[in-house]
Amino acid sequence: MSPSQQAFARGILSCITLLCSASERPHGCEGCHNPQTHDFNGGIVVDTDQLYNEIIKDPLLDGVTFSGGEPFCQCKPLAELAGRIKAFRGFSLNVISFTGYTYEYLIANANAENGYMELLSQLDYLVDGPFILSQRSLELKFMGSKNQRFIDVQKSQKEAVKRAAEADNA
């Protein structure tokens, strides 16, 4: 387990995280624990202001988790919500998201319309990759199958900027 996973694991043992599930799941992974979220017409509409107000009034929360459905099908409202959560000064909250996409796919396919980078820039951690039933493991922390990864998004983005700057100077 990486240092960021260890830090997150230590924190999760003594914290309460609010789970925000997004309807819409384009992946339809076999064995999904949340199959009712696959329907793009399913779920209920909840205003992000309402979610934000619920989040900030609970000082026991340590973080907010976006799960699925597929949060990256609703990037713009979730990015706005995550930004407000990160800006809140009452108490510190981390923001984590699960996605069936890979981190590399999100970066390579990001554009102004889909808002992938908007949401990624607000996340602390990302669990990426589809759930694969044949690779399921109950021993993994925060992941359901062995193909999934726990990514420190802010660290990864800083490293990408550094690599790009080094390539420009080469």
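Listed here are the residues, each with its yes/no results for (1) modelled with pLDDT under 90; (2) under 10 Å from the mean Cα position of the chain (by Cα).
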position: 67; (1), (2): yes, yes
position: 73; (1), (2): yes, no
position: 78; (1), (2): no, yes
position: 94; (1), (2): no, no
position: 97; (1), (2): no, yes
position: 106; (1), (2): no, no
position: 113; (1), (2): no, no
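Looking across segment 55-94, the residues that are open to solvent by 10 Å² or more (accessible area, probe 1.4 Å) and assigned to a strand (DSSP E or B) come down to 61, 62, 65, 67, 94.
From the residues in segment 145-163 that are in contact with a helix residue (DSSP H, G or I) (Cβ under 9 Å, 6 or more places away or on another chain) and more than 15 Å from residue 123 (Cα to Cα), which one is most open to solvent (accessible area, probe 1.4 Å)? Before the answer, list the steps.
So the first thing to find is which residues in segment 145-163 are in contact with a helix residue (DSSP H, G or I) (Cβ under 9 Å, 6 or more places away or on another chain), and the list is 145-153, 155-157, 160.
From what's left, more than 15 Å from residue 123 (Cα to Cα): 145-148, 160.
Numbers: 145: 0, 146: 141, 147: 49, 148: 28, 160: 43 Å².
Among residues in segment 145-163 that are in contact with a helix residue (DSSP H, G or I) (Cβ under 9 Å, 6 or more places away or on another chain) and more than 15 Å from residue 123 (Cα to Cα), the one most open to solvent (accessible area, probe 1.4 Å) is 146.
Among the residues of segment 115-126, those that are crowded, with 17+ Cβ neighbours inside 10 Å, part of a loop (DSSP other than H, G, I, E, B) and within 12 Å of the chain's Cα centre (by Cα) comprise 122, 123, 124.
The requirement of being modelled with pLDDT of 90 or more, assigned to a helix (DSSP H, G or I) and of a type outside the set (Gly, Ala, Ser) is fulfilled nowhere in segment 131-141; no residue meets it. When residue 151 is tested against (1) touching a residue at least 40 places away in the same chain (Cβ under 8 Å); (2) over 10 Å from the mean Cα position of the chain (by Cα), only condition (2) is not met. For segment 4-26, the criterion of being among the aromatic types (Phe, Trp, Tyr), modelled with pLDDT under 55 and within 18 Å of residue 149 (Cα to Cα) is met by at least one residue.
Inside segment 95-114, can you point out the residues that are open to solvent by less than 50 Å² (accessible area, probe 1.4 Å) and either in a strand (DSSP E or B) or in contact with a Pro (Cβ under 9 Å, 6 or more places away or on another chain) (or both)? 95, 96, 97, 99, 100, 101 - these are the residues of segment 95-114 that are open to solvent by less than 50 Å² (accessible area, probe 1.4 Å) and either in a strand (DSSP E or B) or in contact with a Pro (Cβ under 9 Å, 6 or more places away or on another chain) (or both).
Do you know which residues across segment 50-87 are farther than 16 Å from residue 113 by Cα and of a type in the set (Gly, Ala, Ser)? Walk me through how you get there before you give the answer.
So in segment 50-87, the residues farther than 16 Å from residue 113 by Cα come out as 50-70, 81-87.
Residues satisfying the conditions are 63, 67, 68, 69, 82, 83, 87.
The values are calculated or read from the model by the stated rules, or taken from the named source; none is laboratory data. This one's a predicted model, so the numbers in the text were calculated from it and none came from an experiment. Here Cβ is always computed from backbone atoms with ideal geometry, including for glycine, and neighbour counts include all displayed protein chains. Just the protein is used for accessible areas: all its heavy atoms, side chains included, with ligands, DNA and RNA removed. Shrake-Rupley method; radii C 1.70, N 1.55, O 1.52, S 1.80 Å.
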